[in-house]
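Input: a single structure, listed below in C-alpha cells.
None of the figures in this text is laboratory data; all of them are computed from the coordinates on show. Remember, it's a predicted structure, so these values are computed and weren't measured experimentally. Quick reminder, even Gly has a Cβ in these numbers, built from the backbone with ideal geometry, and neighbours come from all protein chains shown.
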Amino acid sequence: MAFPEFQTKEVLNKVLNTDKDALKVDIDNVTLTTEGGDVSVEVDLDNSTDDVLVYGNDGSANRKLTTDSSGHLQVDVLTTPTVTISDGGGTISIDDGGGNISIDDGGNSITVDGTVTISDGGGTISIDDGSGVITVDGDVTATTPVDSFTGASFASSSTTYADVSGADLQTTTQGLFSYIIDVPGSSSATVVCKVQVSNDNNAWIDAETPEVTVAVNSKGQISGTSFFKYTKIQAKAGSAANAVATIHGHAK
C-alpha cells in the first residue's frame, strides 16, 4: 500500500503564496502561443523600485550609458562636421548679446557671398583666418555701437561739483562724446559743468575738456575725444542759489 508523500495541508502550504490568498506559480522556459491573435505582456517598471540599465554598443561590446549628477547625457563629438550656413535669399543675423563672438577657419577659408551686417552689441567680435583666407563677396556693414541718454536732471544750490545721475557714457569704439546742457529760465543760477573719464568705471579723473558755464535760459555743450572707456558729467551751481538743468549725452 502506497502512502502519500504529503498530507493535504502540506500540499496547500507549498502551493500558496505567503499571503495565503493565491497560488504560487514558478514560470520557467515558457513559450506564449496565440491562435490568430496577439499576446500582450505588460511589465510595470518604476525607477524607485526597479533597476533598468540602458546599454550602447561600441562595435564590439555593450557599454552602460551614464549621466552626470543633473541627469545630463554627455555626447562627445569625435569628428567635426562641415557646417554650411545659407540665408536662402534672406538674412542671417548674429548678435553676441554683449559677449564675444569668435570665428576661426582653422587655416582654411571662410567665404561670404551676400550682405553681411555685424553688430557687437557692446561686446567684442573677433575674426581670425588662422593664416588662411577670408573672402567677402558682397557688402559688409559694421554697426558702431552708440551710447546715449536724454533728460538727465540736475538741481542743486551747491557750488561743489557732483555727479549728474544717469549721465554716464561709454566711448569704447571711436572715443567721441558730447553733452548738451539746457538751463531753463526757472533756474536761479547758472550751471557749471565738467567731464570726467575712467577706464574701469571706478577711478575717475577730470578730462582735458575745459568746464563750461551755461547762463540761465540758455543752452551749452561739452564735446571732445577720449581714449578712456567711460565718461560722465558733473555739475554745480554757479552761485549759492537753486540751479536747474536738463542734460542730454551721446557717445560712440
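Calculate, for Ser218 and Asp96, the FRET efficiency according to 1/(1 + (r/R0)^6) with r their C-beta to C-beta distance and R0 30 Å; round to the nearest 0.05.
Working: r = 42 Å, r/R0 = 1.41.
After rounding to 0.05, the efficiency reads 0.10.
Using the Karplus curve 6.51 cos²θ - 1.76 cosθ + 1.60 with θ = phi - 60°, what ³J(HN,Hα) values do you get for each residue of region 217-226, in whole Hz, with x for Gly and Pro?
Taking θ as phi minus 60°, the curve returns 6, 9, 10, x, 8, 10, 9, x, 10, 9 Hz for region 217-226.
Spin-label point model (7 Å from Cα, Cβ direction): what's the Asp76 to Thr111 distance in nm?
3.5
If you place +1 on the Cβ of every Lys and Arg and -1 on the Cβ of every Asp and Glu, how big does the dipole about the Cα centre of region 148-223 come out, in debye to the nearest 20? Don't skip to the answer; put the middle values down first.
Working: 2 positive and 7 negative charges, 49 e Å.
That gives a dipole near 240 debye.
Put +1 on the Cβ of every Lys and Arg and -1 on every Asp and Glu Cβ in region 147-251; which of Phe149, Gly238, Gln170 then has its Cα farthest towards the positive end of the dipole?
With unit charges placed on the Cβ atoms, the residue in question is Gly238.
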